[in-house]
Structure formats: structure tokens, C-alpha cells
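Colleague: Right, I'll just put the structure down here and ask away after.
The values are calculated or read from the model by the stated rules, or taken from the named source; none is laboratory data. Everything quoted here is computed from the prediction, not taken from an experiment. Cβ placement follows ideal geometry from the backbone for every residue including glycine, while neighbour counts extend to all protein chains displayed.
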Amino acid sequence: MIIAVSGKGGTGKTTLASLVVRYLIRGGETPILAVDADPNSTLAEKLGVVCECTIGDLREEALKTKYDAPAGTPKHQAIEYAVQQAVVEGRGFDLLVMGRGEGPGCYCSVNNMLRAFLHNLSSNYKHVVIDNEAGIEHLSRRTDDKVDVMLVVGDQTPAGLKSAQRIAELVTSLELVRGKTWLVLNRTDDVSADTAAITGLDLLGCVPDDENVREFELRGEPLLNLPDDSSAVKAMNKLLDRIREA
């Protein structure tokens, strides 16, 4: 299953993406590939691993050096090897960080190879969890395989709801999701049906503001270590149970 998490910056989408990974690990649903597709990459820290090389770095290097491989080694094999080296191993999951966007120059050939390798790589995992960049730019470039479940994270602010609405419209127009797209409202215990209806999405549920999450993030401690009785963990587990039962 491919699960993508999107939303306006500041809504806590990376935190919720981390809790999706936690849920799958605790449920024995491994191996998992976590993909940080946000140029402002913070998923590694929240999962407790260190990333030293991103796909963005590889893309720039490929454009600069043309990945001159040893004689007899095709360029696509050299890039594939580099992608494999960029995968960070964790307990029950691996992480791939997409990194910075494209600079000046033509990336078409490199991007086509990268997409093919990333598609093949994801097939080795039981689940893929994608933390999309804030907003809709990454989705509009259609760089992902179609996802099975899209979680659009928002809050009760007008800007948060408007952003969720725009993402929903884009996902629908580009047919990016083969399954269901849900709205998840973060840092709130409840919301009126009228408020959620503004986005045009079905409300999966709410995740309350959690002091445990704030403390873990301030200390830089992996969210995978959050206690089972954490209010955010319990809420996300309930929402993800609902998805599995659907």
C-alpha cells in the first residue's frame, strides 16, 4: 500500500507521517519505505535516523558529471547504484529523502531514470509512506506513482482549510489517487461537519494537540518512541484502523 501525506506547511503533516510509520511498524507491517518528498526535509529526524545523501544531490551530480561510469558500465546502472546507497536503513523501515528541487539545466533524462528506479525500489516494500512537500507543487509534477490512500492534513484556520481544498481539487483533476483521499485535522479534538465540508473531502478524524509530541520534538527524540497512551498516537491508530477496515 502506498500512503501519501500532504498539507500546508505548519499543519504537522510530517509528524502525522511519522505516526503512520509507527503504526505500521507496531502492527508488524514491515518492511516499510518512508519517502521524504519535502525539500524542507525533517522526516529523518522524526524517525530517528540520519540522512547524508538525497535524491536531489544525486540529480545534481548526475547532471554535472553525467555519471561517468567505468568502461562497460551503463550510466543507468551507475545511477541505480547511487540511489541504493542513498537509502537510509532503520528498524523496520528504510528512508529515502528526495531533497532539494531542480536548479537550472535539463533534468529530463535523469528524472526519467530516477522515476523508474524509485518505482522498482518501492516494489520491494510492503508499504510506502510518502511525506509530500507542503502545498501542491510536488503533486502537480506527477512524480509519484498513484497512491492508494491520500491523507490531507489541515487545521481549522481558513488558510489550512483552503490549502486542503486546493490539494483535494488537484488530486482529483490529475487522478493521483486510486483509492480514497481523506481529510485529517491536526491539533484539535473536534470540528463541525460544516467546517470540514469546506474542503470537499470526507473527514477521517481529528488528532488532538499532544504534549508528548511537543516534548519529543523539542528534545529531538524519535516519534517512533512515543508511548502507546500518547493522545496523538491513540487518535492516529484509530484513524488508520478505520482505513484498514474500509
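Colleague: Only one of (1) modelled with pLDDT under 85; (2) surrounded by fewer than 16 Cβ atoms within 10 Å (Cβ to Cβ); (3) in a loop (DSSP other than H, G, I, E, B) is not met by residue 91, so which one is it?
Modeller: Result: residue 91 passes all but (1).
Colleague: Here are 176, 183, 151: which of them is at pLDDT below 90 and touching a Leu at 6+ places or on another chain (Cβ under 8 Å)? Steps first, answer last, please.
Modeller: Working: 183 fails: at pLDDT below 90; 151 fails: at pLDDT below 90.
176 is the lone residue from the list that is at pLDDT below 90 and touching a Leu at 6+ places or on another chain (Cβ under 8 Å).
Colleague: In addition: Which of the residues spanning the stretch 167-208 are assigned to a helix (DSSP H, G or I), over 18 Å from the mean Cα position of the chain (by Cα) and crowded, with 17+ Cβ neighbours inside 10 Å?
Modeller: 196, the sole residue that qualifies.
Colleague: Just checking, which of 181, 195 is in contact (Cβ under 8 Å) with a residue 24 or more places away in the chain and in contact with a strand residue (DSSP E or B) (Cβ under 7 Å, 6 or more places away or on another chain)? Outline the logic, then answer.
Modeller: Working: 195 fails: in contact with a strand residue (DSSP E or B) (Cβ under 7 Å, 6 or more places away or on another chain).
Result: 181 is the single residue among 181, 195 that is in contact (Cβ under 8 Å) with a residue 24 or more places away in the chain and in contact with a strand residue (DSSP E or B) (Cβ under 7 Å, 6 or more places away or on another chain).
Colleague: Oh, and also: I'd like to check something: does the stretch 12-32 contain any residue that is in contact (Cβ under 8 Å) with a residue 24 or more places away in the chain, at positive phi and buried (at least 21 other Cβ atoms within 10 Å of the Cβ)?
Modeller: yes
Colleague: A follow-up question, please. Quickly run through the stretch 33-65 and pick out the residues that are in a loop (DSSP other than H, G, I, E, B) and either more than 11 Å from the chain's Cα centre (by Cα) or without any contact (Cβ under 8 Å) to a residue 60 or more places away in the chain (or both).
Modeller: Within the stretch 33-65, 39, 40, 41, 42, 48, 49, 50, 51, 52, 53, 54 meet the criteria.
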